[in-house]
Every structure is written in C-alpha cells, then in structure tokens.
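These notes are about the structure you will find just below.
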Amino acid sequence: MDAGKKVQIVEDEAVTAMLFEKVLKRYGYSVGEIASSGEDAVAFARRDTPQVILMDIRLIGDMDGIDAAQQIRSFSTCLIIFVTGYSDDSIRDRALAIPNSLFFVKPVDFKELVCTIEEAV
C-alpha cells in the first residue's frame with residue numbers, strides 16, 4: 001500500500017473506531033493498529049509513521065488526544081485531524097494550536113472527512 005495512504009485511528013469507542021476503519025478502507029487507505037489511549041497513540045505513530053491521524057480528544061488513560069498530539073508533533077509532521085464530540089471553544093483552540101491540525105465535531109460527515117484527507121495526502 002502507498003505510504004501516503006496510511007491513516008492511524010485513535011478512538012476509545014470501539015464501534016466508532018471500526019466505523020472509521022471501514023470507511024477509510026473502502027476509500028483505499030491503509031489503517032494501522034487502532035489506539036484507544038494517548039500513550040498507545042504516541043507509540044503507534046512512532047512505529048507506523050502514518051500520513052494522517054484521526055484523533056479523538058477524550059481517551060482511555062492519563063493522556064488526552066491533545067497531549068498525545070503534542071508528543072507526536074515532536075517527531076512527526078503528519079496531519080492530525082481531531083474528531084470529537086466536544087465543541088467547546090477552549091478545547092477547539094487548544095487542539096488547533098497544534099501545527100498541521102484540523103478539528104471535526106461528531107457526528108462526522110464521512111465524505112467531507114475523506115475529501116480533507118485526500119487533499120492532505
């Protein structure tokens with residue numbers, strides 16, 4: 001699979017993660033191991049070097065998605081797309097302060113999400 005088509009999913013809700021995976025694979029993306037914690041997200045991103053990360057903000061463990069994204073940014077310039085059910089301005093501002101990031105509020109329009117990923121890769 002083309003390395004430019006590699007997406008990492010970071011989502012603690014299994015059903016949501018599987019839905020993202022199904023949609024992305026239908027569009028030809030390679031999806032790495034799904035992370036449900038910030039700690040796993042950092043480890044998987046370092047190992048798999050995805051082009052795009054779909055990152056939930058509220059995750060299992062001590063590290064939220066924004067903290068994980070900040071750590072990932074120290075070794076990767078990949079696009080990080082925050083996909084969350086929280087639309088609070090302070091959360092949005094904190095997420096978008098991370099370079100090369102975007103913010104989507106659930107429920108996500110999959111067509112719009114895929115178009116955004118296509119533009120990035």
With +1 at each Lys and Arg Cβ and -1 at each Asp and Glu Cβ, the charge dipole magnitude of the chain around its Cα centre, to the nearest 20 debye, comes out at 400
Which of the aspartates and glutamates could a cross-linker bridge to K25, judged by Cα under 18 Å and excluding same-chain residues fewer than eight apart? D2, E11, E33, D48, D109, E112, E118, E119
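Based on the Cβ-Cβ distance of F110 and V15, what FRET efficiency does E = 1/(1 + (r/R0)^6) give at R0 = 22 Å, to the nearest 0.05?
According to the calculation, E is roughly 0.90.
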Inverting the mean 1/r over all pairs of different Cα atoms, compute the Kirkwood radius of the chain and quote it in Å. 13.9
Which three semi-axes in whole Å describe the equivalent ellipsoid of region 81-121, each the square root of 5 times a Cα gyration tensor eigenvalue, listed largest first? 19, 14, 5
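No value in this document is a laboratory result; all are computed from the given coordinates. Predicted model only: the values in this text are computed from it and were never measured. Note that each Cβ is placed from the backbone with ideal geometry, even for glycine, and that neighbours are counted across all protein chains shown.
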